[in-house]
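Asker: Please find one structure pasted underneath; my questions will follow.
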Amino acid sequence: MLLEPIRWQKNRIVFIDQTELPGRLKYIRCRDIDVLCEAIKKLKIRGAPLIGVAVALGYALAALNSKSRTIKGMENDLVRASARLKATRPTAVNLFWALKRMDDTFFCKRESPRPFAMTRLKKAILKEALSILKEDREMCRAIGRNGSRLIKNGDIVLTHCNAGMLATAGYGTALSIFYEAKKQGKRFRVYADETRPLMQGSRLTMWELMKNRIDATLICDDMSAATIRDKGITKIIVGADRIARNGDAANKIGTYGLAVLAKYHGIPFYIAAPSSTIDRNIATGKDIPIEERKREELIYVGSKQTAPSKAKVYNPAFDVTPAKLITAIITESGVYDIKKFRGV
Ligand code: MRU
């Protein structure tokens, strides 16, 4: 099954509302970037690579929707759209990477004014956004191929959050490795962390692993230590939202704890991510901005209140795993031993 979490259709962005899963597979057709920005903030669209693809399509939508008759006017519309898209979520660098690519396309193409320049410019912008989508899918496929070499018969792999088809334009990063390994006939099992507070592991990872007939078992986050020890986890593979030049990697809150556990238990800890997740502008993880989300996510589970309404709350969405706890980083171009990783 190849899920299409996002696509461009008849000048609209069509995406899966991930907050509705696993209950129902609902698609939203979006024709303005306000709806898109809300969807990203509320995690209807989520996962670093998918956020990158979504904002690229959002930029294209803003270009097509621009009523301006001059290039300068269109530039103003795009600058405003871009600022709104950038303000949605701060941690996944794919968002900023994709918008930079879109800006570069606009500024480069507008330098050559010819008749019908506006229409041609809009076409070029859309073409670039669709290339970002296509390339993301290809990168994920290649991550799957590269990472599948690490999966051995009998492996029991733990993963966290959702680094799957739903988090990308298709295939996934960490989960792409499982799909490829299964295709190759390898026998292995997966444990998926529930991933509090927003349950990406139980709602999304379990849903897509089961749909793809991967032998998967759900555990809640507090069970990971005991599961690693008692169920013989052989490796941990997760995704990332931003990787610094030295290999420090931000991913869903709870990832750092798993890396510490991996070290203690002597099992390898892998990060799987496309090169669009590597931020070559920052030397270490200290410079990665970590999103803090609203307190209600910890006060309620769904609509049920599970903590005193005035409880003091700390709710970071991500944490940074230091490079020294990571065994290797798997990208579309290979598997990089962390000692040799220099933001390749
Ligand atoms: O808050 P989310 O659901 O957007 O967080 C997603 C993650 O942390 C993923 O592990 C990461 O983006 C990698 S997805 C291929």
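The values are calculated or read from the model by the stated rules, or taken from the named source; none is laboratory data. Here the structure is a predicted model, which is why all the values come from computation and not from measurement. Note that each Cβ is placed from the backbone with ideal geometry, even for glycine, and that neighbours are counted across all protein chains shown. To get the accessible areas, we keep the full protein, side chains included, count just its heavy atoms, and leave off ligands, DNA and RNA. Shrake-Rupley method; radii C 1.70, N 1.55, O 1.52, S 1.80 Å.
Asker: Considering only the range 171-190, I want to know if a residue exists there that is more than 16 Å from the ligand (Cβ to nearest atom), open to solvent by less than 20 Å² (accessible area, probe 1.4 Å), in a helix (DSSP H, G or I) and not assigned by TED's automatic domain parsing to the domain that holds Ala92. Don't jump to the end; show me each part of the working.
Answerer: Within the range 171-190, the subset more than 16 Å from the ligand (Cβ to nearest atom) is 181-189.
Checking the rest, the ones that are also open to solvent by less than 20 Å² (accessible area, probe 1.4 Å) come to 181.
Then drop every residue that is not in a helix (DSSP H, G or I), which leaves 181.
Next, only the ones that are not assigned by TED's automatic domain parsing to the domain that holds Ala92 stay: 181.
Looking through the range 171-190, at least one residue is more than 16 Å from the ligand (Cβ to nearest atom), open to solvent by less than 20 Å² (accessible area, probe 1.4 Å), in a helix (DSSP H, G or I) and not assigned by TED's automatic domain parsing to the domain that holds Ala92.
Asker: Just wondering, is there one or more residues in the range 2-10 that are more than 16 Å from the chain's Cα centre (by Cα) and within 24 Å of Val238 (Cα to Cα)?
Answerer: For the range 2-10, residues more than 16 Å from the chain's Cα centre (by Cα) and within 24 Å of Val238 (Cα to Cα): present.
Asker: Turning to a different aspect of this structure: Pick out the one residue from Ile278, Ile326 that is more than 12 Å from the ligand (Cβ to nearest atom) and either among the aromatic types (Phe, Trp, Tyr) or closer than 21 Å to Val157 by Cα (or both). Write out each step before concluding.
Answerer: Values: Ile278 fails: either among the aromatic types (Phe, Trp, Tyr) or closer than 21 Å to Val157 by Cα (or both).
Criteria check complete, one pass: Ile326.
Asker: Filtering the range 248-261 down to residues that are within 16 Å of the ligand (Cβ to nearest atom) and more than 16 Å from the chain's Cα centre (by Cα), which residue is most open to solvent (accessible area, probe 1.4 Å)? Give the steps one after another, and end with the answer.
Answerer: Initial filter on the range 248-261 (within 16 Å of the ligand (Cβ to nearest atom)): 248-259.
Then keep just the ones that are more than 16 Å from the chain's Cα centre (by Cα); that gives 248, 256-259.
On the way: Asp248: 22, Tyr256: 105, Gly257: 36, Leu258: 5, Ala259: 0 Å².
Of everything passing the filter in the range 248-261, Tyr256 is most open to solvent (accessible area, probe 1.4 Å).
Asker: Is it true that Ala87 is more than 20 Å from Pro49 (Cβ to Cβ) and at pLDDT 95 or above? Give the steps one after another, and end with the answer.
Answerer: Working: more than 20 Å from Pro49 (Cβ to Cβ): no; at pLDDT 95 or above: yes.
No, not satisfied.
Asker: Additional query: When residues of the range 265-288 are filtered for being open to solvent by 50 Å² or more (accessible area, probe 1.4 Å), assigned to a loop (DSSP other than H, G, I, E, B) and more than 17 Å from Asn246 (Cβ to Cβ), how many remain? Show your work before the answer.
Answerer: Pass one, the range 265-288, residues open to solvent by 50 Å² or more (accessible area, probe 1.4 Å): 265-266, 280-281, 286-287.
Next cut, assigned to a loop (DSSP other than H, G, I, E, B) only: 266, 280-281.
Adding the requirement that they be more than 17 Å from Asn246 (Cβ to Cβ) leaves 266.
Looking only at that region, the number is 1.
Asker: Please state which one of Leu130, Leu198 is surrounded by fewer than 24 Cβ atoms within 10 Å (Cβ to Cβ), within 15 Å of the ligand (Cβ to nearest atom), not in a strand (DSSP E or B) and not β-branched (Val, Ile, Thr). Break it down stepwise before answering.
Answerer: Numbers: Leu130 fails: within 15 Å of the ligand (Cβ to nearest atom).
Selected residue: Leu198, the only one of Leu130, Leu198 that is surrounded by fewer than 24 Cβ atoms within 10 Å (Cβ to Cβ), within 15 Å of the ligand (Cβ to nearest atom), not in a strand (DSSP E or B) and not β-branched (Val, Ile, Thr).
Asker: Also: Could you count how many residues in the range 42-101 are among the aliphatic types (A, V, I, L, M), more than 20 Å from Asn11 (Cα to Cα) and in contact (Cβ under 8 Å) with a residue 40 or more places away in the chain?
Answerer: Here is the first cut: in the range 42-101, the ones among the aliphatic types (A, V, I, L, M) are 43, 45, 48, 50-51, 53-57, 60-64, 71, 74, 78-79, 81, 83, 85, 87, 92-93, 95, 98-99.
Right, trim to more than 20 Å from Asn11 (Cα to Cα) and you get 43, 48, 71, 79, 83, 87, 92-93, 95.
Then keep just the ones that are in contact (Cβ under 8 Å) with a residue 40 or more places away in the chain; that gives 43, 48, 71, 87, 92-93, 95.
Residues in the range 42-101 being among the aliphatic types (A, V, I, L, M), more than 20 Å from Asn11 (Cα to Cα) and in contact (Cβ under 8 Å) with a residue 40 or more places away in the chain: 7 in total.
Asker: So, one more: Would you tally the residues in the range 14-52 being open to solvent by 60 Å² or more (accessible area, probe 1.4 Å), within 16 Å of the ligand (Cβ to nearest atom) and touching a helix residue (DSSP H, G or I) at 6+ places or on another chain (Cβ under 7 Å)?
Answerer: Of the residues in that region, 2 qualify.
Asker: Can you spot a residue in the range 237-244 that is open to solvent by 30 Å² or more (accessible area, probe 1.4 Å), in contact with a strand residue (DSSP E or B) (Cβ under 9 Å, 6 or more places away or on another chain) and either of a type outside the set (Gly, Ala, Ser) or at pLDDT below 95 (or both)? If you could, list the steps in order and put the result at the bottom.
Answerer: Initially, the range 237-244 is screened for residues open to solvent by 30 Å² or more (accessible area, probe 1.4 Å), giving none.
No, every residue in the range 237-244 fails to be open to solvent by 30 Å² or more (accessible area, probe 1.4 Å), in contact with a strand residue (DSSP E or B) (Cβ under 9 Å, 6 or more places away or on another chain) and either of a type outside the set (Gly, Ala, Ser) or at pLDDT below 95 (or both).
Asker: If the Cβ limit is 7 Å and pairs must be 6+ apart or interchain, which residue in the range 139-163 that is open to solvent by 20 Å² or more (accessible area, probe 1.4 Å) pairs with which residue that is within 12 Å of the ligand (Cβ to nearest atom)?
Answerer: Met139/Pro274; Arg141/Tyr171; Arg141/Ser176; Asn146/Ile330
Asker: Can I ask one more? Could you list all residues from the range 1-39 that are assigned to a helix (DSSP H, G or I) and within 26 Å of Leu218 (Cα to Cα)? Break it down stepwise before answering.
Answerer: First, the residues of the range 1-39 that are assigned to a helix (DSSP H, G or I): 18-20, 33-39.
Result: Gln18, Thr19, Glu20.
Asker: Give me the residue from the range 302-328 that is assigned to a strand (DSSP E or B) and free of Cβ contacts under 8 Å to residues at least 40 places away in the same chain and, out of that set, least open to solvent (accessible area, probe 1.4 Å).
Answerer: Our first condition is that a residue be assigned to a strand (DSSP E or B); within the range 302-328, this holds for 304-305, 316, 318-321, 328.
Retained after the next criterion (residues that are free of Cβ contacts under 8 Å to residues at least 40 places away in the same chain): 304-305.
Numbers: Lys304: 138, Gln305: 85 Å².
Only one residue fits best here, namely Gln305.
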